[in-house]
1. Between the range 1-17 and the range 25-75, how far is it from one alpha carbon centroid to the other, in angstrom?
2. Could you go through the range 59-75 in sequence order and give the Karplus-derived ³J(HN,Hα) for each residue, using 6.51 cos²θ - 1.76 cosθ + 1.60 with θ = phi - 60°, rounded to whole Hz, and x for Gly and Pro?
3. Give the average over all directions of the projected area of the C-alpha convex hull of the range 13-75, one decimal, in nm².
4. I want to verify a result. In a Gaussian network model of the chain, Cα cutoff 10 Å, which of these has the top mean-square fluctuation: 59, 33, 18?
5. Quick one: of the DSSP bridges fully inside the chain, what percent are antiparallel, nearest 5?
6. Using a simple spin-label model with points 7 Å from Cα along the Cα→Cβ vector, what separation in nm is obtained for residue 55 and residue 70?
7. Local charge sum around residue 4 (other residues, Cβ-Cβ under 15 Å, Lys/Arg +1, Asp/Glu -1)?
8. Once label points are set 7 Å from the Cα along Cα→Cβ at both residue 48 and residue 36, what is their separation, rounded to one decimal in nm?
Amino acid sequence: MQSTYGGWIIKTSGAQSNPDACSYGDSILLLPNHPQYKELFVALLATRTAGETVSIYVNGCHAAGYKPVDFISML
């Protein structure tokens, strides 16, 4: 994870798609203006710390070329 744009860039692994052809298709961006920013940030840190898998859903491309987080699923 890398702090930037007031939020966090997260490098992803595993199967992923990039239907919007974002420049950085293997990274996502958690923006601080997301209505559930704090909850998503804590959940992502917890799953990382526990070594668990999380599914991250994105929507569109940020102006910097990253895929912005829409919501996550931890099943």
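Bear in mind these aren't lab numbers, they're just calculated from the coordinates by the rules spelled out. Not measured: the values here are computed from a predicted model. All Cβ positions, glycine included, derive from the backbone under ideal geometry; neighbour counts span all protein chains shown.
1. 7 Å
2. With coefficients 6.51, -1.76 and 1.60, one gets 8, x, 10, 6, 4, 7, x, 9, 8, x, 5, 9, 7, 10, 9, 10, 10 Hz.
3. Mean orientational projected area (the range 13-75, Cα hull): 4.3 nm².
4. Its mean-square fluctuation being the largest, the pick is 33.
5. Around 80 percent antiparallel, to the nearest 5.
6. 1.3 nm
7. Its environment carries a net charge of +2.
8. 1.9 nm
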